[in-house]
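Comments concern the structure below.
The values are calculated or read from the model by the stated rules, or taken from the named source; none is laboratory data. Given the structure is predicted, the values throughout are model-derived calculations rather than measurements. Positions of Cβ are backbone-derived with ideal geometry, glycine not excepted, and every protein chain shown enters the neighbour counts.
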Amino acid sequence: MAETKDDSGPALPPAIQSAWGLRERPPKGPRPGLTVAGIVDAAVRVADADGLAAVSMSRVAKELGAATMALYRHIASKDDLLTLMVDAGYGPAPGPAAPDDDWRAGLTRWAWAEHDVLRQRPWLLHIPIAGPPATPQQLGWLEDGLGCLDGTPLPEGAKMSILLLVTGYVRNEAMLTNQIAEGSRAAGVEPGELMPAYGAMVARLIDPVRFPALTRVLDAGVLDQDDDPDDEFTFGLDRILDGVEALIARRTA
């Protein structure tokens with residue numbers, strides 16, 4: 001197979017070189033057993049157990065039984081470590097669409113796969129996005145998402161925009177759900193009691209003349225029980241894909 005990698009252009013950032021295995025091996029030293037993958041795995045374990053705030057080079061070094069400075073021979077900075085943690089935290093892409101899946105089924109599966117990762121590892125949402133995806137796992141996710149739109153009449157730029165829209169929705173929904181859950185726990189509100197308590201509070205604060213629309217929501221019992229987060233996610237995702245379907249229909253026509 002012909003080599004397609006292009007080495008021209010500016011130098012790759014150290015974290016991206018590490019993610020793709022392009023950095024030179026560090027010189028031999030007192031701790032040759034340390035590896036980039038091992039350091040990243042240890043950092044992910046810390047984040048899974050105690051949250052992103054617990055991740056530091058010293059904590060990860062302690063997890064590995066190594067000196068903190070030994071880590072810097074493999075990973076240049078904590079920012080680089082966070083970049084590599086995102087790649088490892090997402091894990092492998094969900095895979096290409098099944099042969100009998102249409103574009104909508106494929107994108108739905110792709111969105112739910114990202115949804116599940118972010119629900120399981122909410123610390124990923126607290127790592128700032130520094131730029132477009134460039135690490136192996138993340139580019140794998142991008143490839144699989146784009147593959148779901150193969151066979152549609154959409155131009156390649158529109159496909160990229162659709163994935164940006166879908167992943168933005170997934171991340172926003174996961175962030176909102178996580179923040180609400182954290183706020184409820186901090187306030188001592190039991191699961192299932194948030195919306196009823198909120199509805200009761202709002203009912204005490206508003207009058208029907210000033211807030212007629214909100215009063216109708218209360219009267220309809222919308223706030224009498226907590227919504228299932230999965231139902232809310234499905235509703236929003238379906239509305240986005242309805243819009244994509246309309247765009248494809250216009251292109252086809």
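Per the conditions (1) surrounded by fewer than 16 Cβ atoms within 10 Å (Cβ to Cβ); (2) outside the structural domain of THR234 (by TED's automatic domain parsing); (3) touching a residue at least 24 places away in the same chain (Cβ under 8 Å), the sole criterion not satisfied by LEU81 is (1). Take LEU52 and decide whether it is outside the structural domain of LEU124 (by TED's automatic domain parsing), modelled with pLDDT of 95 or more and buried (at least 16 other Cβ atoms within 10 Å of the Cβ). Here the answer is yes, as LEU52 does meet what is asked.
Look through region 28-86, keep the residues that are of a type in the set (Ser, Thr, Tyr) and in a helix (DSSP H, G or I), and return whichever of them is nearest to ILE16 (Cα to Cα). So the residue we want is THR83.
In this structure, ARG45 does not satisfy being outside the structural domain of CYS148 (by TED's automatic domain parsing), in contact with a Pro (Cβ under 6 Å, 6 or more places away or on another chain) and either surrounded by fewer than 17 Cβ atoms within 10 Å (Cβ to Cβ) or farther than 21 Å from PRO132 by Cβ (or both). One residue alone among LEU124, LEU107, LEU139, LEU118 is within 17 Å of MET85 (Cβ to Cβ), over 11 Å from the mean Cα position of the chain (by Cα) and surrounded by 16 or more Cβ atoms within 10 Å (Cβ to Cβ), and that residue is LEU139. Counting only residues that are over 21 Å from ARG119 (Cα atoms) and either assigned to a helix (DSSP H, G or I) or at pLDDT below 90 (or both), region 189-225 holds 19 of them. Residues of region 188-215 that are out of contact with any Asp or Glu (no Cβ under 8 Å at 6 or more places or on another chain), surrounded by fewer than 11 Cβ atoms within 10 Å (Cβ to Cβ) and among the small types (Gly, Ala, Ser): GLY188, ALA213.
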